[in-house]
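The values are calculated or read from the model by the stated rules, or taken from the named source; none is laboratory data. Keep in mind the model is a prediction, meaning the values are calculated, not measured. With ideal geometry, Cβ positions are generated from the backbone for all residues, glycine too; neighbour counts draw on all protein chains shown.
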Amino acid sequence: MIAELGHYALVLALALSLVQMVVPAWGAAKQDPVLMGVAGPVALALLLFVSAAFAALVAVYVTSDFSVANVVENSHSQMPLVYKITSTWGNHEGSMMLWVLVLAVFGALVAVFGTNLPDRLKANALAVQGAIATAFLAFILLTSNPFLRILQPPAEGRSLNPVLQDPGLAIHPPLLYLGYVGLSIAFSFAMAALIEGRIDAAWARWVRPWTLAAWVFLTLGIAMGSYWAYYELGWGGWWFWDPVENASLMPWLAATALLHSAVVMEKRDALKIWTVLLAILAFSLSLIGTFLVRSGVLTSVHAFATDPARGVFILGILTVFIGGSLLLFALRAGELRQGGLFAPVSREGALVMNNLFLTAATASVFVGTLYPLALEAFTDSKITVGPPFFNLTFGGLMLPLVFAIPFGPLLAWKRGDLLGVAQRLTLAAGLAVVAIVVTAAAAGGGPITPAILIGLGVFIIAGALTELAERAGVGRVPARVAWARFRGVPLSALGTAVAHLGVGVCLIGIVSESAWSLERIASMKVGDTVTIGTRSLTLDRLENRSGPNYAARVAVFDIRSGGTPAGTVETSRRSFEARAMATTESGIRTYGFSQLYVSMGEETPDGHLSIRATWKPLVTLIWLGAVVMALGGGLSLADRRLRVGAPRPARRRTPAAVPAE
């Protein structure tokens with residue numbers, strides 16, 4: 001009965017999304033406030049019914065209702081409760097339900113918190129949200145219904161893919177979807193503004209907080225996915241330029257460019273055409289990512305669907321929304337009046353340069369990801385575009401950008417003094433030089449490039465701190481006054497500095513892990529020892545353990561550093577009988593910001609065990625930097641001036657009549 005209620009709720013949600021798509025848009029065209037006012041209540045009702053359908057899907061998983069085909073394929077009665085819940089979105093049908101739920105949440109948030117929006121803009125934006133919801137609800141009901149029954153239910157399910165039975169998967173997809181789908185709000189605002197033919201600085205202020213919220217979630221989602229792949233897949237890496245990884249990176253890059261472009265538009269009423277185009281492209285890249293994961297065109301550990309019919313349906317959605325939005329943009333772009341002018345050397349100019357490099361980097365990832373697919377589709381030839389291409393093109397484009405990060409916030413609006421900014425960054429540059437020298441000396445020879453990149457990371461961090469010191473007047477005013485000024489720094493400015501600092505931290509982690517990792521691959525028996533760097537690993541014992549739905553073979557290692565005990569680390573291979581699959585659980589021991597990473601392979605009949613041990617210096621800075629970036633975005637979002645958007649002008653009050661005496 002629960003499955004039928006969930007299916008019925010989906011059908012009603014589709015009907016509501018059609019109402020949300022048509023009625024407010026008609027009201028906006030006719031300037032009918034009653035019809036436009038329908039958008040808010042319908043968006044809330046849509047969230048109610050989508051939530052009911054999603055809750056029903058969770059319920060059939062938790063109760064192990066094996067009369068539902070989706071539950072049979074992706075659950076098992078012996079799975080822990082947390083994995084029964086995460087199984088809800090650990091498959092194609094359930095993940096699309098999560099996609100639509102997040103879409104409905106954002107639409108409802110606009111309805112509730114968009115009270116300061118102009119009525120026509122709000123009505124058209126929610127109508128576009130309704131159109132997106134209609135397309136994906138129809139996709140679910142017609143090709144990916146999660147509530148389909150089977151006539152002869154089996155006694156047990158096939159279980160969730162063992163690779164996905166991990167706490168990280170309870171966090172990664174929801175965060176990623178909050179970012180992916182959150183960009184739909186910027187898209188809807190862009191479409192609404194183009195329909196109305198009015199785009200101004202106030203529009204940029206309305207769009208920026210929604211984009212910033214999506215960017216924060218997408219940053220955390222990508223970081224969580226990277227760390228999950230690092231420790232769960234047993235590969236020992238944090239980024240492989242997998243096509244589905246790239247599918248999440250591209251909208252993140254576009255959203256980053258959109259945030260910086262919206263700042264220029266808000267402050268100077270400039271870059272209107274560019275900002276609107278970025279709003280379209282950011283969500284379009286999210287849709288393309290959805291297509292890559294759900295269409296079956298990719299073979300990846302991240303990909304779900306293999307049904308061509310689903311791919312064709314999503315391709316149709318892409319054609320309508322991406323093609324339609326770009327067509328509307330082409331028709332309206334010529335009507336948009338450009339705003340204020342600015343000198344090339346200015347904060348606006350720095351933000352424009354930021355946009356150029358970010359979009360070029362996005363294009364390089366886009367070409368490297370989709371070119372092999374297009375070539376195979378048209379010529380039946382297969383090629384592989386791997387890390388060498390991406391490292392050269394993407395890395396080459398990002399390095400000038402990150403070098404320029406400390407300069408931008410210190411430049412004045414409209415016309416800046418580059419020499420003056422360079423002088424204020426003298427201390428930061430000096431610290432970077434010291435970092436280069438110390439790093440090169442510690443490395444004991446070898447290429448100088450990693451040391452230079454470490455210095456660049458230090459320069460970015462010191463530059464962010466310099467920006468805050470300049471705002472507080474450190475060195476120019478008494479300490480008490482400087483502290484008072486620092487406390488008065490707007491949260492948006494503080495958040496920008498923190499986010500930039502996070503970029504520097506992340507860069508140091510990436511360079512350190514890539515340049516100075518040490519790896520040993522060995523065949524060991526109990527009692528054998530291998531040395532990696534200054535540490536030694538001794539295989540202490542092998543033992544069997546049982547989990548709720550798996551059997552594990554566990555290897556326990558003793559770690560010594562310079563002859564002194566430094567803890568233990570365990571790695572295992574888990575066998576899942578229901579799926580007839582095995583997974584490798586890596587053993588990780590953290591020392592400061594560095595990690596010792598151990599994974600085991602096959603065990604031979606004579607008791608030898610193949611192991612791979614890797615020393616990863618400062619690797620945790622990669623994810624710490626991403627968290628710091630997201631924290632910076634959160635601080636900016638907490639700035640009330642940004643959070644409330646552009647308020648409506650206050651009505652001039654008519655003075656009360658003075659009574660005659």
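Name the residue, out of Ala499, Ala515, Ala482, that is free of Cβ contacts under 8 Å to residues at least 40 places away in the same chain and part of a helix (DSSP H, G or I).
Ala482
Can you tell me which residue is modelled with the highest pLDDT among those in the range 539-573 that are in contact with a Phe, Trp or Tyr (Cβ under 7 Å, 6 or more places away or on another chain) and in a loop (DSSP other than H, G, I, E, B)?
Per the stated criteria, the residue is Tyr550.
Just checking, how many residues over the range 597-606 are touching a Leu at 6+ places or on another chain (Cβ under 8 Å) and either outside any strand (DSSP E or B) or hydrophobic (A, V, I, L, M, F, W, C) (or both)?
Number satisfying all stated conditions: 2.
Which members of the range 131-181 meet the condition of being in a helix (DSSP H, G or I), among the aromatic types (Phe, Trp, Tyr) and assigned by TED's automatic domain parsing to the domain that holds Leu103?
Phe136, Phe139
Out of the residues in the range 332-379 meeting the condition of being touching a residue at least 12 places away in the same chain (Cβ under 8 Å), among the hydrophobic types (A, V, I, L, M, F, W, C) and over 26 Å from Leu397 (Cα atoms), tell me which one is surrounded by the most Cβ atoms within 10 Å (Cβ to Cβ).
Once the filter is applied, the top-ranked residue is Leu336.
When you look at Ala223, is it closer than 30 Å to Ala29 by Cβ and either more than 21 Å from the chain's Cα centre (by Cα) or at pLDDT 90 or above (or both), yes or no?
When the stated conditions are applied, Ala223 does not pass them.
Among the numbered conditions (1) aliphatic (A, V, I, L, M); (2) more than 28 Å from the chain's Cα centre (by Cα); (3) in a helix (DSSP H, G or I), tell me where Val100 comes up short.
Going through the list (1) aliphatic (A, V, I, L, M); (2) more than 28 Å from the chain's Cα centre (by Cα); (3) in a helix (DSSP H, G or I), Val100 breaks only (2).
Among the helices (runs of 4 or more DSSP H) contained in the range 349-466, which hold 2 or more residues that are closer than 22 Å to Trp516 by Cβ?
Hits in the range 349-466: 387-404, 426-443.
Among the residues in the range 189-203, are any closer than 20 Å to Trp99 by Cα and not β-branched (Val, Ile, Thr)?
There is at least one residue in the range 189-203 that is closer than 20 Å to Trp99 by Cα and not β-branched (Val, Ile, Thr).
For Ser536, state whether it is hydroxyl-bearing (Ser, Thr, Tyr), part of a strand (DSSP E or B), buried (at least 17 other Cβ atoms within 10 Å of the Cβ) and modelled with pLDDT of 90 or more.
The answer is yes for Ser536.
Output the number of residues of the range 587-596 satisfying the condition of being assigned to a strand (DSSP E or B), out of contact with any Gly (no Cβ under 7 Å at 6 or more places or on another chain) and surrounded by 17 or more Cβ atoms within 10 Å (Cβ to Cβ).
Summing the residues that are assigned to a strand (DSSP E or B), out of contact with any Gly (no Cβ under 7 Å at 6 or more places or on another chain) and surrounded by 17 or more Cβ atoms within 10 Å (Cβ to Cβ) in the range 587-596 gives 5.
Is there a residue in the range 187-201 that is buried (at least 24 other Cβ atoms within 10 Å of the Cβ), under 19 Å from the mean Cα position of the chain (by Cα) and either assigned to a helix (DSSP H, G or I) or of a type in the set (Phe, Trp, Tyr) (or both)?
For the range 187-201, residues buried (at least 24 other Cβ atoms within 10 Å of the Cβ), under 19 Å from the mean Cα position of the chain (by Cα) and either assigned to a helix (DSSP H, G or I) or of a type in the set (Phe, Trp, Tyr) (or both): present.
Could you pull out the residue among Ala53, Ala15 that is more than 28 Å from the chain's Cα centre (by Cα), assigned by TED's automatic domain parsing to the domain that holds Val112 and in a helix (DSSP H, G or I)?
Ala15
Please specify each residue of the range 592-619 satisfying the condition of being β-branched (Val, Ile, Thr) and under 16 Å from Ser572 (Cβ atoms).
Val598, Ile611, listed by residue number.
Filter the range 56-69 down to the residues that are assigned to a helix (DSSP H, G or I) and in contact with a Gly (Cβ under 7 Å, 6 or more places away or on another chain), then identify the one that is nearest to Glu156 (Cα to Cα).
Per the stated criteria, the residue is Leu57.
Could you list, in sequence order, all residues of the range 543-586 that are farther than 20 Å from Asn161 by Cβ, surrounded by fewer than 18 Cβ atoms within 10 Å (Cβ to Cβ) and acidic (Asp, Glu)?
Selection gives Glu543, Asp558.
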